[in-house]
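Working notes, structure below.
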Amino acid sequence: MALMNGADLVLELPLWFSSGSAPYFADGSVSLLEGLGVVDILSFGSECGSLSRLISLGSFLADREDDLTEQIKLYLKTGISYPKAREKAFLSLGCSKSDADILREPNNLLGLEYLMALKRRNSSIHPFCIPRKQSSHRSLDLTGSISSASAIRSQLAVFDGLSKCLESIPKNLHPILLEDYRRCFPILLDDFSDLLSYKLCMEDSFEDYWDISKDLSARLIRMAVPGRPFSCQIEAVKNKSLTWSRISRGLLHILLGMKQEMKDSYTRSEQPLYFQILGFKKEASSLIREIKRKNLADGPAFKTA
């Protein structure tokens, strides 16, 4: 579907980055794009839409990264949520209220992580910012031709919901979606409920898993109920300081056996990434040849799906 709508080459972002929080996601993305040796521009969307403002804010945050991490830890100890602790930490380091407002929006935050990852690597890749229009990241309402991915996914989860969101999806994809709906997709969180229940029954502590704190491990042991749907497990454990996204990410890491000690070796910045090619256009084969030419013998390996 991506190739049908303008992409020449589609690559997989390795699991240890795609299942991580925004800093890991961004760092893995930039590492992969740098490793290709042919990328000039990294394009991302943002609610702010101002690249200069994001670059200025990103530079400030990159310079104060250690201080920011320390301040967030201090605020988390007071029992507030991570997003609130992060906002307070930003303000304590001298960010303005308008800067803090920018940092509340998820696309802005991911964009900033891309910018900081580019700066850390002294990358020659240029960032390009596309303003987000019409529908917010969190919106669950379909809004004509431009709807949020969250709204489309939420509608697809409803029985026979595809017909309601076709207007928000490119027309050339309709035949594929209509043929495969309720056969190959959607794949929903609760489809993995039994597997998660099995994992939760097998261990008496989860602190060794990536993104599972002592507090989250204790709440999982105390409040998770085998046989309960995946989404209900999250709701049962969620509190003021543990967000839905944090818990769901941690449960995914438990489900896939992703331990903290393994994370440290897979996500360190000098670790070369493999390139998993999911698809490419025939006329883009010269691009792949150029990528291979620019990669040294000890560079990342190619894999094709």
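The values are calculated or read from the model by the stated rules, or taken from the named source; none is laboratory data. Everything numeric here is computed off the predicted structure, so don't read it as measured data. Neighbour counts are summed over all protein chains in view; Cβ atoms, including those assigned to glycine, are modelled from backbone coordinates with ideal geometry. Remember, those area values only see protein heavy atoms, side chains included, never the ligands or the DNA or RNA. Shrake-Rupley method; radii C 1.70, N 1.55, O 1.52, S 1.80 Å.
Among the residues of the stretch 111-129, is there at least one that is open to solvent by less than 70 Å² (accessible area, probe 1.4 Å), in a helix (DSSP H, G or I), within 30 Å of residue 163 (Cα to Cα) and not β-branched (Val, Ile, Thr)? Steps first, answer last, please.
Filtering the stretch 111-129 for residues open to solvent by less than 70 Å² (accessible area, probe 1.4 Å) gives 111-118, 121, 123, 125, 127, 129.
Still in the running and in a helix (DSSP H, G or I): 111-118.
If we keep only those that are within 30 Å of residue 163 (Cα to Cα) as well, we get none.
No, that holds for no residue.
For the stretch 192-214, what are the residues that are assigned to a helix (DSSP H, G or I), farther than 17 Å from residue 238 by Cα and open to solvent by 50 Å² or more (accessible area, probe 1.4 Å)?
Within the stretch 192-214, 192, 194, 195, 198, 201, 202 meet the criteria.
Would you point out the residue of the stretch 1-48, among those that are free of Cβ contacts under 8 Å to residues at least 60 places away in the same chain and farther than 20 Å from residue 129 by Cα, that is surrounded by the fewest Cβ atoms within 10 Å (Cβ to Cβ)?
Filtering first and then ranking leaves 18.
One residue is enough: does the stretch 242-257 have a residue meeting the conditions on the phi > 0 side of the Ramachandran plot and open to solvent by less than 50 Å² (accessible area, probe 1.4 Å)?
Here is the first cut: in the stretch 242-257, the residues on the phi > 0 side of the Ramachandran plot are 257.
Within this subset, residues satisfying the condition of being open to solvent by less than 50 Å² (accessible area, probe 1.4 Å) are 257.
Checked against the condition, which is being on the phi > 0 side of the Ramachandran plot and open to solvent by less than 50 Å² (accessible area, probe 1.4 Å), the stretch 242-257 yields at least one hit.
Can you name the residue in the stretch 147-184 that is in a loop (DSSP other than H, G, I, E, B) and closer than 21 Å to residue 134 by Cα and, of all such residues, is most open to solvent (accessible area, probe 1.4 Å)? Reasoning before the result, please.
The first filter runs over the stretch 147-184 and keeps only residues in a loop (DSSP other than H, G, I, E, B), leaving 147-148, 157-161, 169-170, 182-184.
Next cut, closer than 21 Å to residue 134 by Cα only: 147-148, 169-170.
Working: 147: 22, 148: 1, 169: 25, 170: 60 Å².
Once the filter is applied, the top-ranked residue is 170.
Only one of 138, 86, 104 is in contact with a Leu (Cβ under 8 Å, 6 or more places away or on another chain), among the charged types (D, E, K, R) and open to solvent by 30 Å² or more (accessible area, probe 1.4 Å). Can you tell me which?
86
Conditions (1) more than 26 Å from residue 40 (Cβ to Cβ); (2) assigned to a helix (DSSP H, G or I); (3) among the hydroxyl-bearing types (Ser, Thr, Tyr); (4) touching a residue at least 24 places away in the same chain (Cβ under 8 Å), marked per residue:
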| site | (1), (2), (3), (4) |
| --- | --- |
| 233 | yes, yes, no, yes |
| 236 | yes, yes, no, no |
| 239 | yes, no, no, no |
| 253 | yes, yes, no, yes |
| 262 | yes, yes, no, yes |
| 265 | yes, yes, yes, no |
| 278 | no, no, no, yes |
| 287 | no, yes, no, yes |
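Look through the stretch 255-281, keep the residues that are basic (Lys, Arg) and at pLDDT below 90, and return whichever of them is farthest from the chain's Cα centre (by Cα).
Result: 268.
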